[in-house]
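**Student:** Let me begin by handing over the structure; questions about it come next.
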Amino acid sequence: MCGIVGYIGHRDAYEVIIKGLKRLEYRGYDSAGIALLNDKVELAKTKGKVADLEAMCATTISNKGKLGLGHTRWATHGIPNDTNSHPHVSNSGNLVLVHNGIIENYDALKQTLLKRGYVFHSDTDTEILVNLIEDVKIKEKVKLGKAVQIALNQVIGAYAIAVFDVQKPGEIVAAKLGSPLAIGVGEKEYFIASDASPYIEHTNKTVYLEDGEMAIIRLHKSLKIRSIKNDNLIDPYVQELQMSIENIEKGGYDHFMLKEIYEQPQAIIDTFRGRMKADEGIVKLSGLEDHIEKFLHARRIIVIACGTSWHAGLVAEYIFEDLARIPVEVEYASEFRYRNPVIFKDDVVIAISQSGETADTLAAIKLAKQQGAFVFGICNVVGSSIARETHTGAYTHAGPEIGVASTKAFTTQITLLTLMALRLGKKLGALSNTRYRNLLQELQLIPAKIEKVLAVSSQIEHISSLYNHATNCLYLGRGYNFPVALEGALKLKEISYIHAEGYPAAEMKHGPIALIDENMPVFVIATKKGHYDKIVSNIQEIKSRNAKIIAIVTEGDETVKGLADHVIEIPETEECMTPLLASVPLQILSYYIALQRGCNVDQPRNLAKSVTVE
Ligand code: G6P
């Protein structure tokens with residue numbers, strides 16, 4: 001959470017930073033700020049979005065410096081207001097710092113600094129950090145880089161920081177532990193950012209700082225990376241990124257979320273490209289093949305993830321148990337990491353994360369590794385912390401997902417997990433050759449079938465208009481469609497702020513049925529394959545309590561059509577692939593309901609795309 005952008009070079013730093021902050025707004029958007037250095041430092045910061053900052057700068061910033069730092073915030077310490085916004089400036093006015101993360105021992109550090117005469121204006125841990133660095137710098141009579149290093153060795157917590165010294169223009173010092181930080185290396189210029197999107201049109205050469213590393217970035221000098229702990233010099237590993245500018249812009253859509261919903265057919269093709277040859281019966285994921293023995297002899301698979309990725313994990317439980325007969329447990333990473341879990345050396349852990357940066361998932365991976373488990377990562381963001389922390393893994397190749405509500409990341413995660421289960425099911429003899437081949441053929445057809453669902457989006461938009469005033473909604477599904485119900489409810493609540501609950505349909509009678517009346521829309525996933533008769537009975541039970549029923553059904557279904565108030569048809573598919581189709585109309589429904597309610601679809605309140613704090 002929080003986005004950092006820094007620049008040092010020959011361009012107008014203001015332009016680079018503002019543009020970069022807009023691209024990083026998905027990381028947090030409750031306040032924003034910028035500091036520019038030329039012959040003096042100019043600072044502007046405000047509660048609100050980057051656009052508010054831009055408006056403020058139009059009248060307050062005159063300095064077109066070539067060095068600067070910017071920040072877009074998701075509040076942790078201190079409410080979102082102008083004072084708590086970053087950058088933060090040290091008491092002398094010399095050091096200017098932006099920070100993403102949490103300093104856990106902030107209070108102890110603050111008490112020491114107060115005794116030494118420092119004063120604080122904000123409620124943030126960041127202001128403590130910038131003054132700690134200043135205190136070290138003055139006390140030890142050292143340069144900025146050394147002061148940062150000494151100070152960070154006193155800090156407990158997570159951080160990605162960038163700081164400059166007004167007295168020493170031409171240098172930015174950055175450091176990372178737990179929160180991401182990338183450095184773009186251009187021609188006589190450097191960019192610093194929480195991910196590479198702010199500078200991708202200027203350079204694709206990127207150095208991802210590792211945990212415990214700091215960078216001393218000086219104009220006209222080569223990049224220096226050092227260990228924060230022992231000061232050792234580390235050779236920068238410069239990667240060439242494949243990301244393109246088109247990928248991170250809206251491309252004619254009103255919102256990133258809509259664009260990303262529509263990108264799903266292509267994203268799924270990209271996910272199985274080069275990995276699946278359906279006609280030849282081949283599935284090959286190198287991360288899996290290289291370690292296949294671990295999977296074949298796994299006592300069980302433990303899936304760890306958060307949010308929507310956790311829902312993909314729940315789908316994986318059904319897929320792996322069904323197709324490969326490997327037992328699976330699915331855990332919220334945040335619970336797993338703190339509950340002293342039993343982890344066996346022959347457990348295989350699959351960590352799922354779109355961003356590859358979720359703090360709880362990252363910590364759960366570290367715990368599993370410490371206890372000897374083998375960890376396979378499924379990430380979307382190439383080079384992310386989780387991709388690097390896991391033993392091996394596979395990327396989803398969905399392309400950048402900017403809308404905070406996850407859509408294409410979810411369906412591509414399921415695609416990848418399906419490929420893995422198919423490969424393992426075949427190898428373990430749990431799937432006959434014919435069934436295996438049929439499933440591959442069907443998976444190949446999924447992108448075209450999603451296109452058919454997208455083609456009825458105007459019907460879904462109409463249904464949305466009938467229910468956009470609801471205050472509570474229920475989502476029901478059974479079997480493979482139970483995680484779809486959870487994901488449908490999550491999509492609705494995160495972007496439209498309507499209370500929504502996902503439930504296994506049969507559990508409805510153990511509680512939620514008490515809530516059902518004529519004011520409660522109930523979304524039921526009632527596809528032909530998968531406990532159809534049972535779900536039809538559940539629909540009868542709902543109908544007799546006068547709720548409005550919106551059902552996702554298989555093309556040509558007549559029974560549910562006769563019972564429900566509205567049906568949305570999806571093409572027939574194999575039961576294990578139903579989530580790939582059934583989740584799409586629910587995404588579209590949430591999108592239109594949020595839009596009709598005037599909500600900010602891409603940047604819902606209080607949320608952030610990348611949750612780098614626990
Ligand atoms: C946040 C996002 C969700 C996402 C979750 C897990 O809550 O808003 O969309 O599902 O984090 O993120 P990850 O990047 O680990 O998949």
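**Student:** Being assigned by TED's automatic domain parsing to the domain that holds LEU233, open to solvent by 10 Å² or more (accessible area, probe 1.4 Å) and among the small types (Gly, Ala, Ser) narrows it down to one of ALA158, ALA182, so name that one.
**Tutor:** ALA158
**Student:** Which residue, of ALA505, ALA514, is small (Gly, Ala, Ser) and open to solvent by less than 10 Å² (accessible area, probe 1.4 Å)?
**Tutor:** Just a single option satisfies the conditions, and that option is ALA505.
**Student:** Could you tell me which of the residues ALA514, ALA489, ALA505 is of a type in the set (Gly, Ala, Ser), assigned by TED's automatic domain parsing to the domain that holds LEU589 and modelled with pLDDT of 95 or more?
**Tutor:** So the residue among ALA514, ALA489, ALA505 that is of a type in the set (Gly, Ala, Ser), assigned by TED's automatic domain parsing to the domain that holds LEU589 and modelled with pLDDT of 95 or more is ALA489.
**Student:** Moving on to the next point. Going through the stretch 351-361 one residue at a time, which ones are polar (S, T, N, Q) and open to solvent by 20 Å² or more (accessible area, probe 1.4 Å)?
**Tutor:** Listed by number, the list holds a single entry, THR358.
**Student:** State which residue is farthest from HIS566 (Cα to Cα) when the search covers only the stretch 459-476 and only residues that are within 27 Å of the chain's Cα centre (by Cα) and not hydroxyl-bearing (Ser, Thr, Tyr).
**Tutor:** Applying the filter and picking the extreme gives ASN472.
**Student:** A further question on this structure: Please go through the stretch 246-283 and give me each residue that is among the β-branched types (Val, Ile, Thr), over 19 Å from the mean Cα position of the chain (by Cα) and either open to solvent by 30 Å² or more (accessible area, probe 1.4 Å) or within 21 Å of ALA405 (Cα to Cα) (or both), ordered by number.
**Tutor:** Result: ILE269, ILE282.
**Student:** Quick one: which of ALA405, ALA364 is surrounded by 24 or more Cβ atoms within 10 Å (Cβ to Cβ), part of a helix (DSSP H, G or I) and touching a Lys or Arg at 6+ places or on another chain (Cβ under 6 Å)?
**Tutor:** Going through ALA405, ALA364 in turn, just one is surrounded by 24 or more Cβ atoms within 10 Å (Cβ to Cβ), part of a helix (DSSP H, G or I) and touching a Lys or Arg at 6+ places or on another chain (Cβ under 6 Å): ALA364.
**Student:** I've got another one for you. Can you pull out the residues in the stretch 585-614 that are open to solvent by less than 10 Å² (accessible area, probe 1.4 Å) and either within 16 Å of the ligand (Cβ to nearest atom) or assigned by TED's automatic domain parsing to the domain that holds ASP195 (or both)?
**Tutor:** LEU586, GLN587, SER590, TYR591, ALA594, VAL601, PRO604, SER610, THR612
**Student:** Now, a different point. Got a number for residues in the stretch 50-62 being without any contact (Cβ under 8 Å) to a residue 40 or more places away in the chain, of a type outside the set (Ser, Thr, Tyr) and surrounded by fewer than 22 Cβ atoms within 10 Å (Cβ to Cβ)?
**Tutor:** Matching residues across the stretch 50-62 total 6.
**Student:** Okay, next question. Return the residues of the stretch 324-350 that are open to solvent by less than 70 Å² (accessible area, probe 1.4 Å), closer than 30 Å to ARG27 by Cβ and not in a loop (DSSP other than H, G, I, E, B); say none if nothing qualifies.
**Tutor:** VAL330, GLU331, ALA333, SER334, PHE336, VAL349, ILE350
**Student:** Let me ask something else about it. Just to verify a result, which residue in the stretch 367-393, among those that are open to solvent by less than 10 Å² (accessible area, probe 1.4 Å) and more than 11 Å from the ligand (Cβ to nearest atom), is farthest from GLU335 (Cα to Cα)?
**Tutor:** Step by step, filter the stretch 367-393, then rank; the result is GLY383.
The values are calculated or read from the model by the stated rules, or taken from the named source; none is laboratory data. Everything quoted here is computed from the prediction, not taken from an experiment. Note that we place each Cβ from the backbone using ideal geometry, even for glycine, and neighbour counts take in every protein chain shown. Ligands, DNA and RNA are excluded from the accessible area calculation, which covers all protein heavy atoms including side chains. Shrake-Rupley method; radii C 1.70, N 1.55, O 1.52, S 1.80 Å.
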